[in-house]
Amino acid sequence: MAFAGGMSMDDQRAFNALLEQMQISDSLKMYNRLVERCFNDCVNDFSSNGLSRKENPCITRCVEKYLKSTQRTGAKFSEVQAAQQAAAGR
Amino acid sequence: MAFAGGMSMDDQRAFNALLEQMQISDSLKMYNRLVERCFNDCVNDFSSNGLSRKENPCITRCVEKYLKSTQRTGAKFSEVQAAQQAAAGR
Amino acid sequence: MAFAGGMSMDDQRAFNALLEQMQISDSLKMYNRLVERCFNDCVNDFSSNGLSRKENPCITRCVEKYLKSTQRTGAKFSEVQAAQQAAAGR
Amino acid sequence: MNRAPAPGNMSKMQAAQQEMEAVSDMYNKMVETCFKKCVGAKHSESDLNSAEETCLDRCVEKYVEAHNKVGQVMAGTR
Amino acid sequence: MNRAPAPGNMSKMQAAQQEMEAVSDMYNKMVETCFKKCVGAKHSESDLNSAEETCLDRCVEKYVEAHNKVGQVMAGTR
Amino acid sequence: MNRAPAPGNMSKMQAAQQEMEAVSDMYNKMVETCFKKCVGAKHSESDLNSAEETCLDRCVEKYVEAHNKVGQVMAGTR
């Protein structure tokens, strides 16, 4: 990305630190959203303690499907962005 | 607003910079929420590529309606706030 | 919590200030979520001005129930966390 | 010669920032909620009709009323 | 004489802040989710009944269990 | 001898940060939206089938198209 263009070395270093922090914070939030979604989709029975024999594998499948879905979505998004930038001529 | 009362000149300047940054960040998030809402309401068919002839004008109308709605809501909110502050006697 | 381990006095002080700020910001957001939820659940009629005689007590009950619910959830969460840390042997 | 803001001012700025963020968060939730309750998801028109406009105005009034009421209930002064 | 925190400490504080924010974000999502699943949207009472209380307790336990399980699946150790 | 970044650079960094946060916020909303529209809530399989994959690809394309379109409408250049 062209974000960091025209910065001094010191600023670039600070910018990279910021970038890293944002990525960690982003992935922690993604983890929490993933838990929320799979819990919501898979767990609806509170008549007994602990995840049931139906809920447990549902969560596993949900997580795996979600991760594959994010991967595919991310790859496609990069592709579309690259095509846009090529079309814009830079 | 009475927020910045009792600050030094330096602090007021820093506060104004902060205020400006918050407004930019707020309007970028508003833009993203608008896209999410209008996409959700207007796009439900993934049997072909690109926005369809039905989806395209739906998004236009959705955006225009949403912007008018935010304007009206904002104006009314200011009115209600002003009435409250007048009633509180300041 | 073991978060602040290994910090200098200065850093601990800065950390506590940060902690306090996060708690204030968290409770303000909680307040807003509570308003949003109880408004959503209780207010659905816009044929006249002002909260109706049905909506008003509904909001009161909703708030009271939500607060009791957060209390219970928080207490249980602490219990579960403590059990986990005991099981992990620290 | 410390040029950093005095602690009192610092916290004044932080308090102001937090108040603004809280108002902005409340406002954004209100806009979303009232749009959903009053306008819906159809979008066959690009203008608000007068029923939607009246609904939005009342929704804002009621939302602020509810916001104040929640504070009263939380303070135990209902 | 640099009075700023050493880089190591700085990142320790940032890591602590991020961990706290993550726990708080998780906790808030859990509160919302369990309220929706166990209490619903009726509000005809201002007290939790005992069925709702039991449901909330189990919901918290299951949520934490699910949280841990997601980590295991992501680490490929299911 | 002021070692703080010059105002111009400072705002360059802040602008970069805000642009990144906006892209990340948009991306996260897109991932959630397309997952809900294309994959649903059943989870009887742990693999995406080919219909879901095609749907996700088209959803991303349409989402970016919608994102651009919203900007055009807001700029009054529809």
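Out of the residues in region B:38-56 that are facing chain D (nearest Cβ under 9 Å) and not charged (D, E, K, R), which is nearest to F:V73 (Cα to Cα)? Of everything passing the filter in region B:38-56, B:C38 is nearest to F:V73 (Cα to Cα). F:V60 meets each of the listed conditions (1) in contact with a helix residue (DSSP H, G or I) (Cβ under 7 Å, 6 or more places away or on another chain); (2) open to solvent by 20 Å² or more (accessible area, probe 1.4 Å) apart from (2). The set of residues in region B:39-58 being under 30 Å from D:V23 (Cβ atoms) and open to solvent by less than 50 Å² (accessible area, probe 1.4 Å) consists of B:F39, B:D41.
Scan region A:24-47 and tell me whether some residue there is on the phi > 0 side of the Ramachandran plot and not in a helix (DSSP H, G or I). No, that holds for no residue. Between a first residue in region A:6-21 that is more than 18 Å from E:M13 (Cβ to Cβ) and a second residue that is small (G, A, S) and open to solvent by less than 50 Å² (accessible area, probe 1.4 Å), which pairs have beta carbons less than 6 Å apart while being 6 or more apart in sequence or on different chains? Within 6 Å, the pairs are A:Q12/A:A4; A:F15/A:A4. Looking only at residues in region E:12-44 that are of a type in the set (S, T, Y) and in a helix (DSSP H, G or I), the one that is surrounded by the fewest Cβ atoms within 10 Å (Cβ to Cβ) is E:S24.
What is the one condition in (1) modelled with pLDDT of 95 or more; (2) of a type in the set (F, W, Y); (3) part of a helix (DSSP H, G or I) that B:F15 does not satisfy? Tallying (1) modelled with pLDDT of 95 or more; (2) of a type in the set (F, W, Y); (3) part of a helix (DSSP H, G or I), B:F15 fails exactly one: (1).
The values are calculated or read from the model by the stated rules, or taken from the named source; none is laboratory data. As the structure is a prediction and not an experimental result, all values here were calculated from the model. For neighbour counting, all protein chains shown are included, and Cβ atoms are generated from backbone atoms with ideal geometry for every residue, glycine included. The protein model used for the area step is the full one, side chains on, heavy atoms only, and it has no ligands, DNA or RNA in it. Shrake-Rupley method; radii C 1.70, N 1.55, O 1.52, S 1.80 Å.
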